Amino acid sequence: MKRTLSGSLFVLICCMSLGMGSMGDQVSVKAPEPDKNVMVTLIDQDDVSLELEKFSCEGQTYITGKMGKADLSIDFEKIRSILSVDKRGQRTALVNLKDNKQVELVIEKDIPCFGTSSFADVRIMTHDIKKVVFHGIKQTNE
């Protein structure tokens with residue numbers, strides 16, 4: 001009897017210490033609440049397209065990068081689209097502005113961008129983004 005109880009207790013402790021209740025690496029995504037509700041179509045490097053609202057990068061509604069030695073921030077409201085490519089080992093964003101100008105920025109590869117689709121919150125790193133097409137700001141009825 002003692003041996004059975006000891007064996008059962010040993011198995012129970014082993015199961016609890018191995019974390020049998022949580023299998024796999026599950027990550028919860030919660031999109032931050034940006035100051036503007038930016039609507040975009042995002043296309044990733046696998047050509048998967050998502051329609052998103054509340055699009056932001058690190059919770060901000062602008063893109064930052066370098067042009068030469070200068071640091072720049074461009075508000076999403078001024079942007080028509082962004083095409084992201086690898087160029088000489090760096091992540092480069094070709095930013096097409098609404099005034100028909102184009103700006104080339106060197107951006108960080110590991111910035112998390114967020115948005116909300118009709119079925120899920122989304123997080124994607126800048127190096128996984130191929131293209132973002134901006135559709136404007138959705139006005140809220142407050």
Practice task
Work out the length of the dipole vector of region 86-142 about its Cα centre, built from +1 on the beta-carbon of each Lys and Arg and -1 on the beta-carbon of each Asp and Glu, and round it to the nearest 20 debye.
Solution key: 240
Handout entry: Listed residues Met67, Leu50, Ile82: farthest to the positive end of the dipole of region 46-86 (Cβ charges)
Key = Met67
Problem - Sequence-distant lysines (8 or more away, or on other chains) whose Cα lies within less than 27 Å of Lys109 - result: Lys30, Lys36, Lys54, Lys66, Lys69, Lys78, Lys87, Lys98, Lys101, Lys130, Lys131
Problem - region 124-137 - phi-based ³J(HN,Hα) in whole Hz, Karplus 6.51/-1.76/1.60, Gly and Pro as x - result: 9, 7, 4, 5, 9, 8, 9, 8, 10, 10, 8, 10, x, 9
Exercise for the section: Would you work out if region 30-83 is rounded, prolate or oblate? Take a ≥ b ≥ c from the square roots of the eigenvalues of the alpha-carbon gyration tensor; rounded if a/c is under 1.5, else prolate when a/b is larger than b/c, oblate otherwise. Expected result: oblate
Problem - Å² per residue, accessible surface of region 33-142 at 1.4 Å - result: 60
Completion exercise
Of every hundred units of 1.4 Å-probe accessible area on region 78-140, the number belonging to carbon and sulfur atoms, as a percent, is 50
Handout entry: Dimensionless Rg over Rh [region 42-142; C-alpha; Kirkwood]
Key = 0.95
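The values are calculated or read from the model by the stated rules, or taken from the named source; none is laboratory data. Remember, it's a predicted structure, so these values are computed and weren't measured experimentally. Every residue, glycine among them, receives a Cβ derived from its backbone with ideal geometry; neighbour counts consider all protein chains shown. Side chains are part of the model used for accessible areas, which takes the heavy atoms of the whole protein and leaves out ligands, DNA and RNA. Shrake-Rupley method; radii C 1.70, N 1.55, O 1.52, S 1.80 Å.
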